[in-house]
1. Which order results if 268, 416 are arranged by neighbouring Cβ count within 10 Å, fewest first?
2. What per residue convex hull volume, in Å³, do the alpha-carbon atoms of the stretch 395-500 yield?
3. Find the centroid of the Cα atoms in the stretch 463-489 and in the stretch 260-277, then give the distance between the two in whole Å.
4. Under a crude label model (7 Å from the Cα following the beta-carbon direction), how far is residue 443 from residue 349 in nanometres?
5. Please sort 353-362, 340-349 by packing, taking for each peptide the average over its residues of neighbouring beta carbons within 10 angstrom, highest first.
6. To one decimal place, what Kirkwood hydrodynamic radius in Å is obtained for the stretch 43-167 from all pairs of distinct Cα atoms?
7. Once the Cα atoms of helix 2-29 and of the chain are each reduced to a long axis, what angle between those two axes, in degrees from 0 to 90 to the nearest 10, is obtained?
8. Could you calculate the FRET efficiency of residue 315 with residue 294 from 1/(1 + (r/R0)^6), where r is the beta carbon distance between them and R0 is 22 Å, rounded to 0.05?
Ligand SMILES: [Ca+2]
Ligand SMILES: [Ca+2]
């Protein structure tokens with residue numbers, strides 16, 4: 001009897017702790033009311049992964065609604081029942097809220113009147129993605145600064161900030177950590193009376209907008225990467241990828257702890273966390289994806305301007321859309337083709353003179369093929385994906401980098417890490433899978449989608465979703481064996497990383513937000 005009684009008691013204890021576990025488990029994993037885990041650029045902690053999503057290959061029949069939107073490149077982010085993003089309309093910067101169920105625009109809030117920042121035609125003045133909490137959201141515009149709203153669009157506070165100077169315009173998104181709202185503002189402008197940059201990280205009290213600390217980054221110039229929070233056995237760090245190096249800062253204090261060098265001038269991708277490590281990537285300027293750059297396409301792009309057909313280029317042949325090519329695969333005149341040119345004719349002439357002299361090493365008044373190819377350098381740094389172990393101090397490039405990989409590094413899309421594999425999508429639709437234990441190539445496949453890939457890949461459950469700029473949506477099964485599950489060609493240009501609900505895919509094109517419902521295709 002006693003025995004049975006004690007068994008019953010044990011069983012009770014088991015059930016109780018089981019229930020307590022369930023309760024705690026659920027309150028830990030389920031978002032609080034009003035919130036959704038896809039609350040920031042690339043979803044939960046920037047991972048790009050929604051493990052609870054069950055989405056297969058979308059088809060046109062799965063389209064639930066389609067809502068016209070002002071222009072902008074910020075990503076849609078979610079609360080339980082709303083979608084938030086930013087845009088620009090009639091020269092007004094806007095924060096916009098839509099209803100998830102219907103796609104109806106609930107409100108648009110204008111940013112106080114401000115001068116719009118200079119931005120490259122491939123970007124926009126509404127590129128940073130909002131960060132959403134249970135009751136509030138935070139938006140950053142390089143042209144204005146930071147603003148906090150509640151979910152009804154009521155402004156809680158605003159913090160105007162000087163506009164940084166940036167090669168392409170601002171892109172780094174705000175990030176909340178406990179009571180801190182963190183914004184990286186890397187800048188091409190110098191500090192007063194100095195040759196070092198004004199670049200800095202700002203941490204604000206998210207309740208009031210008051211600045212709690214700022215950490216200067218004097219050796220970084222403009223960058224476009226959003227930082228990531230890295231929790232490991234030895235604490236929490238803010239990992240910031242900037243041009244030249246990746247740096248770790250303690251949280252919540254923001255002390256600089258370590259750096260890894262070797263990155264190029266262009267750093268765009270968000271660092272990834274997993275397997276106890278941080279992974280970061282950057283291509284070389286112009287999107288050069290591999291260590292050895294083939295100089296021939298650059299020469300071919302240049303000699304296309306050879307008007308008199310002598311297979312040499314003179315200064316007076318540098319006409320029309322001529323500029324120094326960065327991405328020779330693009331047509332001249334495309335905004336990404338080469339070095340941006342000043343509009344003012346006098347300044348433009350001076351810049352062309354400078355470009356010409358730099359490559360005419362023997363000063364004979366011509367560029368010829370050998371001279372051009374010998375002198376072609378494509379920025380410093382190298383195309384790089386690397387894994388960093390925790391616990392380092394100071395410059396840990398030699399001590400804490402576990403491996404590096406230098407092939408097929410995308411220019412704009414962030415890679416994505418799921419379990420033991422990293423997936424990267426490059427221009428021309430080349431998908432590379434890298435193993436995280438040694439940094440080894442697992443496969444390299446062409447999935448189609450000609451042209452650029454700008455949107456970052458995401459994972460719904462175990463399915464990798466890739467979207468090309470030309471609107472080709474591809475779904476690939478994750479794992480060591482490549483399997484393309486299906487594709488859908490949409491009519492619209494897509495440069496924005498999609499958002500994932502449990503049963504929904506939200507895609508922002510140049511002109512619309514599209515919502516796809518539970519997909520009827522293969523799982
Ligand atoms: Ca010529
Ligand atoms: Ca020459």
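Readers should treat all values here as calculations from the given coordinates under stated rules, not as data from a laboratory. On a predicted model such as this, the values are computed, not experimentally measured, just so you know. Cβ: placed from backbone, ideal geometry, glycine included. Neighbour counts: every protein chain shown.
1. By the 10 Å Cβ count, ascending, the order reads 268, 416.
2. Considering the Cα atoms of the stretch 395-500, their hull volume per residue is 108 Å³.
3. Using only Cα atoms, the two centres lie 24 Å from each other.
4. In this crude spin-label approximation the distance works out to 5.7 nm.
5. Highest-to-lowest ranking by the protection proxy: 353-362, 340-349.
6. When all Cα pairs of the stretch 43-167 are included, the Kirkwood radius is 15.7 Å.
7. 30
8. After rounding to 0.05, the efficiency reads 0.30.
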